[in-house]
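As structure tokens, the structure follows; a few thoughts come after it.
The values are calculated or read from the model by the stated rules, or taken from the named source; none is laboratory data. Not measured: the values here are computed from a predicted model. Note that each Cβ is placed from the backbone with ideal geometry, even for glycine, and that neighbours are counted across all protein chains shown. Side chains are part of the model used for accessible areas, which takes the heavy atoms of the whole protein and leaves out ligands, DNA and RNA. Shrake-Rupley method; radii C 1.70, N 1.55, O 1.52, S 1.80 Å.
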Amino acid sequence: MFKSLMGDTKSVAHESTILRQAIKYHLFSGGQRLRARLALDAGEALSLYNQDNIVIAAAVELIHNASLIHDDLQDGDQFRRSLESVWSKFGSNEAICCGDFYLSCAYSSITSVSKTVFLPKMIRIMHQRIAEASHGQSADLNVIPEQLDLETYIRVVMAKSGALLSLPLELVLIYAGFDEASHEARQACRDFAVGFQIFDDLRDLATDTRAVEDGGNRLNITRIVEHQAAKEIASMHLKSAELLLTNLPARAGSLLEECAKNITRLLNAIH
């Protein structure tokens, strides 16, 4: 699938060698591929054709990785997965082009599903979640300390992280004919995103504090509430995610449900 999505870029511009290197470099740099696995696991639970599961998994993973490349550039993060980030290795311009290329590939991928009757709604949902994540990222980059309260923090995290996390489950459920269940999946992923982000904030407290001291702007829950209160808020959202995921048809959210339980255990171990 990767080769078919790459296309014959040489016929468009012979100067594309660097971009092709960046495209391959990031895709093969590792990662958990959680969003792809969510799509594959949910699709199998709902007895979808394996090829359709792969198509949806590829689309959501490409969108997610596009967001990572652009995030690293905007945040100035030089490393991802212990390797140089795309912008750091290939330059800012190539990073923008690489992320844009992944987004275009995602839409190309989704058109390969066998039941095209669902395509209009699937494409619309893809746009809506990308738009939601984009607004969340913009808010994260522009929020000032005076505007930061718990409600704002949760709203930003749900948009920035929850939108693309829910996309694989939503697409699979819509494709399987469970449109109503996709709303529960969306809320479950929004709750999971908050729980995970708070857990991540507590782990990265020292790093985020140094970044702020150096003039950066890092959104961290501890700038709003005390450590113990943050853990309680995270636990509440993770539990809510678990309950909602349990109710999905054929336990289509079982993989993320297990992730929520694991994060809760790790969260409780933080002192």
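Within the range 79-87, identify whether any single residue is in contact with a Leu (Cβ under 6 Å, 6 or more places away or on another chain) and free of Cβ contacts under 8 Å to residues at least 40 places away in the same chain, and answer yes or no.
yes
Could you say which residue among C97, C105 is within 21 Å of I54 (Cβ to Cβ) and in a helix (DSSP H, G or I)?
Of C97, C105, the one residue that is within 21 Å of I54 (Cβ to Cβ) and in a helix (DSSP H, G or I) is C105.
With respect to D75, determine if the residue is open to solvent by 20 Å² or more (accessible area, probe 1.4 Å) and touching an Asp or Glu at 6+ places or on another chain (Cβ under 8 Å).
no
Can you report the number of residues in the range 141-153 which are part of a helix (DSSP H, G or I), touching a residue at least 60 places away in the same chain (Cβ under 8 Å) and β-branched (V, I, T)?
0
Can you give me the number of residues within the range 15-43 that are more than 25 Å from V172 (Cα to Cα) and assigned to a helix (DSSP H, G or I)?
Matching residues across the range 15-43 total 12.
If you take the residues in the range 166-185 that are small (G, A, S) and in a helix (DSSP H, G or I), which one is surrounded by the fewest Cβ atoms within 10 Å (Cβ to Cβ)?
Step by step, filter the range 166-185, then rank; the result is S182.
I'd like the full set of residues that are assigned to a helix (DSSP H, G or I), open to solvent by less than 50 Å² (accessible area, probe 1.4 Å) and under 14 Å from S29 (Cβ atoms), limited to the range 78-94.
Hits for the range 78-94 are V86, S88, F90.
Here is a list: L169, L202. Which entry is aliphatic (A, V, I, L, M) and modelled with pLDDT under 95?
Answer to the check: L202.
Regarding the range 109-129, can at least one residue be identified that is farther than 28 Å from H183 by Cβ, of a type in the set (K, R) and open to solvent by 70 Å² or more (accessible area, probe 1.4 Å)?
Checked the range 109-129: no residue is farther than 28 Å from H183 by Cβ, of a type in the set (K, R) and open to solvent by 70 Å² or more (accessible area, probe 1.4 Å).
Considering only residues that are within 13 Å of the chain's Cα centre (by Cα) and more than 11 Å from L219 (Cα to Cα), look in the range 191-204 and name the one that is surrounded by the most Cβ atoms within 10 Å (Cβ to Cβ).
Looking at the filtered set, the residue picked out is F192.
Looking at A188, A163, can you tell me which residue is open to solvent by less than 20 Å² (accessible area, probe 1.4 Å), within 20 Å of L46 (Cα to Cα) and assigned to a helix (DSSP H, G or I)?
A188
Quick check on V156: is it buried (at least 20 other Cβ atoms within 10 Å of the Cβ) and farther than 30 Å from N50 by Cα?
When the stated conditions are applied, V156 passes them.
Does A159 qualify as being of a type in the set (G, A, S) and touching a Gly at 6+ places or on another chain (Cβ under 7 Å)?
So A159 passes the test.
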